[in-house]
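So the structure is just underneath, and the comments pick up after that.
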Amino acid sequence: MDMISWSGAPGSVEEPAECLARADGLRDRRAWAEAARAYAAYLRMQPEAWAIRVQYGHCLKEDGDPEAALQAYREADRQNPGDADIHLQLGHALKLLNRYEEALEEYVQALTLDPANAAARQEVMALDPGLEDAPRQAPQPVAPPVLSPPPAAPQAAGTATVFDVSDLLDYFRHNRAPTGIQRVQLNIIREALAGPESGSIAIAGFDPEAGVWKRVPPEIFLRLATLSREGSSNAEARWRGAVNAVQEVLRGGPPLDFTPGSNLVNLGTSWWLPDYLRAVRAAKARHGLRYIPFIHDCIPLLVPEHCAPGLVNEFARWFASVCLHADAVLANSECTRADMLRAQRRLLPGLDLPCFTLPLDAADPASPASALPARLRGGRPYVLFVGTIESRKNHLLAFNAWLSLLRRHGPDAVPDLICVGKRGWLAEAALQLHQNSPALRARVHLLHGIPDIELEALYRHCLFTLYNSFYEGWGLPVTESLAAGKVPLVPDHSSLREAGREGAVYFTPQSEPDLVEKLERLIFDAGFRRAQEAVVAAGPRPRRWADLAAQLQSVLREASGSLPAPRERIAFRLGEVHELRLLPGPEPSLRMAIADALREGEGWHRLEEWGVWTGPGACRLQLPLEPGASSGRLRLYLEMVAPPEPVECRIRAGLAGEAMGAAQIVSATSGERLFCILDLDGAEAGEVEVQIETVQAATLPDEGGARQVGLGLRSLMLCRRDDIATRLDYLERAALPRMVGGG
């Protein structure tokens, strides 16, 4: 299999003067990473150029790598000892690394070598105010004071928007080159931080163990964003350092204290985070938080056969709960917006959930330093297909079309097909065909781990692009193709008309004959291709990512209202059995959302497929009652199971805000199944509250340790006490387990 991972390519051969001029130009444009690479190339040719080594250090420092800059300055000092400016730069780098004592020594040395060095004098006085009388004579070295790192910056007052980047940070633990959803987040948040409302923006990651969000400093986020564009190697020291810095924040940072009324905006995904929406629910109640997720597509609901089964179930549960928790929703296309609202109205027909379209028609200008990967510099023409290699993208259709072209026209006449994307799920058929066909292996190349800077070059040099799928939410590679002036060939369905506009060429979805016909026309009819490129050039240009960030802020201001609290959106009907567990898909159901939404308090463990454990903390169940449905006396049944060790809990129930009923003491032996029965008076409206307190806990092994648990809950049912048929029907499900309490 021709599967290649790129971590960088050697630079092209050029003269030293040309290389230096290129580096200076990049530096003047503040393209720090590219300038650093160019200066490094010059220094390989002219290693004794100490002044250029200082410039190299400047670019490394501006690019966020003070450790590498420190090494560059020290090598320059070795080559040219006694230069005051080099010691000044050494001090700056050490200060960025929080090595304050060493920084002061370097500033003092710079001032010793050059008493008129005002910058060094300012730094010395800032770090040691006792040197204010030193201006007119070369100071003697002084014992540096004991310095402490500056305290962590407090949360900015008036934070209005908190971007939750949990999935992005988790992705970066194992990957570097971003895919579509990661690229959307990186670009929008980067531009928001550079925009006029940056002072009201915070970035946060969710800590699932603690159930809280932790603030991520913007400079750490921006460093990850920059480094993710430049390379694909996870082992590079700068990259590992940036990732480790984020993980340290998530492990040791304090919980983020939300400003009342702020927006929690999730531009990525969160369905994989256990109990995420329970934490959202708590933050909404405590801070008046408004939760606004971004829906990139509803593909797991529409074409589940092209998704991993676990993803389908997770997405269905998440979607059901989002309809209870979201105050507004963002969608990347009108197609996705319509899909989302159709599914939401099937679930909760009475809910008017605001849904705003934020089209992803954005692409920033390509970097001038972008270059093709080395193996593609031979000049052979190619067509570019960017997308995860998975069943939904249907690379199998593209590969069969390429085989048809090769057999009909011969390998010399057919351009290569370059497929850029990491391997996803259910792609075995396409990959097996590629592996078994020598013709495909010779002309179809599968690349992954391509950094953005090389991807830009791939777009710029291709004949045209191909993008296929069974369904799309937007199709970012289509926009990127148009931004590069290249014609995208796409199937005529879902959102791809929005993404491709007039510049794309469309083929009948999943039709190999029509795909081959359109490929032949774009490959062999240069006049047609040029005419379509002219259509692309004459059409509206993709927006800048800064425009999308500004539109997002405008949408957030427009979506300023709050919807009813999550449990106020559901109708808890008497006599219904509610399972408190992870219910399977593929369709989202209100039962999925209720299983999550009834639990309150910090003592709960996460939902599992069998049910949920209570813990040693405060566990509550909140059961919203329909007006008029709860008059008369009520009976509540809790279906429970004990862990492998004996446990004891105290359980009581009542109407929320009123005195609770008498507590039931429930003692259970190892693995026992039982029901707890609680009677209470009804009311015309309100909520039934159930309090569960663990008196004697058990210890269960868990990933990386152990956890303390009480009783496990499997289901519950609330009915009128005189509804004998409903009570018996519920109890018959359990083959007469032992019952505790009740009349």
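Results, tabulated for the structure shown:
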read-out	value
So W425, is it in a loop (DSSP other than H, G, I, E, B), surrounded by 22 or more Cβ atoms within 10 Å (Cβ to Cβ), of a type outside the set (D, E, K, R) and out of contact with any Lys or Arg (no Cβ under 8 Å at 6 or more places or on another chain)	no
Any hit, the range 632-646, residues being over 28 Å from T161 (Cα atoms), crowded, with 20+ Cβ neighbours inside 10 Å, among the acidic types (D, E) and not assigned by TED's automatic domain parsing to the domain that holds F319	yes
Search result, residues across the range 186-222 that are in contact with an Asp or Glu (Cβ under 8 Å, 6 or more places away or on another chain) and over 18 Å from T259 (Cβ atoms)	N187, P208, G211
Among residues of the range 268-296, those that are touching a residue at least 60 places away in the same chain (Cβ under 8 Å) and in contact with a Lys or Arg (Cβ under 9 Å, 6 or more places away or on another chain), counted	7
Residue satisfying all of: in the range 656-676; within 25 Å of E576 (Cα to Cα) and under 40 Å from the mean Cα position of the chain (by Cα); surrounded by the most Cβ atoms within 10 Å (Cβ to Cβ) among these	A656
Residues of the range 222-267 classified as in contact (Cβ under 8 Å) with a residue 24 or more places away in the chain, among the acidic types (D, E) and closer than 23 Å to A210 by Cα, total	1
Residues within the range 164-200 that are in a strand (DSSP E or B) and more than 19 Å from L358 (Cα to Cα), tallied	0
Filter result for T699 (at negative phi, among the hydroxyl-bearing types (S, T, Y) and buried (at least 17 other Cβ atoms within 10 Å of the Cβ))	no
Residues located in the range 392-420, provided they are crowded, with 18+ Cβ neighbours inside 10 Å and either among the acidic types (D, E) or modelled with pLDDT under 95 (or both)	D416
Filter result for G387 (in contact with a helix residue (DSSP H, G or I) (Cβ under 9 Å, 6 or more places away or on another chain), under 28 Å from A531 (Cα atoms) and not hydroxyl-bearing (S, T, Y))	yes
Criterion: closer than 25 Å to H448 by Cβ and among the hydrophobic types (A, V, I, L, M, F, W, C) - qualifying residue of L376, L341, L330, L353	L376
Test: residue in the range 330-346 that is assigned to a loop (DSSP other than H, G, I, E, B), over 25 Å from P488 (Cβ atoms) and not assigned by TED's automatic domain parsing to the domain that holds A483	no
Residues within the range 460-479 that are at pLDDT 95 or above and under 17 Å from L376 (Cβ atoms), tallied	5
Residue match in the range 527-546 (condition: farther than 21 Å from A331 by Cβ and assigned to a loop (DSSP other than H, G, I, E, B))	yes
Some residue of the range 297-316 being aliphatic (A, V, I, L, M), farther than 25 Å from A427 by Cβ and outside any loop (DSSP other than H, G, I, E, B)	no
Check on G485, in the same structural domain as A531 (by TED's automatic domain parsing), crowded, with 24+ Cβ neighbours inside 10 Å and not basic (K, R)	no
Residue in the range 512-521 that is on the phi < 0 side of the Ramachandran plot, part of a helix (DSSP H, G or I) and loosely packed, with under 13 Cβ neighbours inside 10 Å present	yes
Exclusive hit being over 30 Å from E197 (Cβ atoms), in contact with an Asp or Glu (Cβ under 6 Å, 6 or more places away or on another chain) and touching a residue at least 40 places away in the same chain (Cβ under 8 Å), set A597, A642	A642
Output for the range 633-650, where each listed residue is hydrophobic (A, V, I, L, M, F, W, C) and more than 12 Å from E672 (Cα to Cα)	L634, L636, L638, C649
Test for L583: is it out of contact with any Phe, Trp or Tyr (no Cβ under 6 Å at 6 or more places or on another chain), touching a residue at least 24 places away in the same chain (Cβ under 8 Å) and assigned to a strand (DSSP E or B)	no
Among (1) modelled with pLDDT of 95 or more; (2) more than 30 Å from P293 (Cα to Cα); (3) of a type outside the set (G, A, S), the one test that R375 misses	(1)
Residue in the range 311-333 that is over 23 Å from A283 (Cα atoms) and acidic (D, E) present	no
Filter result (among the hydrophobic types (A, V, I, L, M, F, W, C), part of a loop (DSSP other than H, G, I, E, B) and over 22 Å from S333 (Cβ atoms)) within the range 547-577	L563, A565, I570, A571, F572, L574
Residue count, the range 435-447 (criterion: in contact with a His (Cβ under 8 Å, 6 or more places away or on another chain) and either more than 16 Å from V383 (Cα to Cα) or assigned to a strand (DSSP E or B) (or both))	2
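Yes/no per residue for (1) crowded, with 21+ Cβ neighbours inside 10 Å; (2) at pLDDT below 95; (3) more than 17 Å from the chain's Cα centre (by Cα):
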site	(1), (2), (3)
N175	no, yes, no
T179	no, yes, no
N187	yes, no, no
E197	no, yes, yes
T226	no, yes, no
G252	no, yes, yes
P255	no, yes, yes
T259	no, yes, yes
A282	no, yes, yes
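The values are calculated or read from the model by the stated rules, or taken from the named source; none is laboratory data. As the structure is a computational prediction, the values presented were derived from the model and not from experiment. For neighbour counting, all protein chains shown are included, and Cβ atoms are generated from backbone atoms with ideal geometry for every residue, glycine included.
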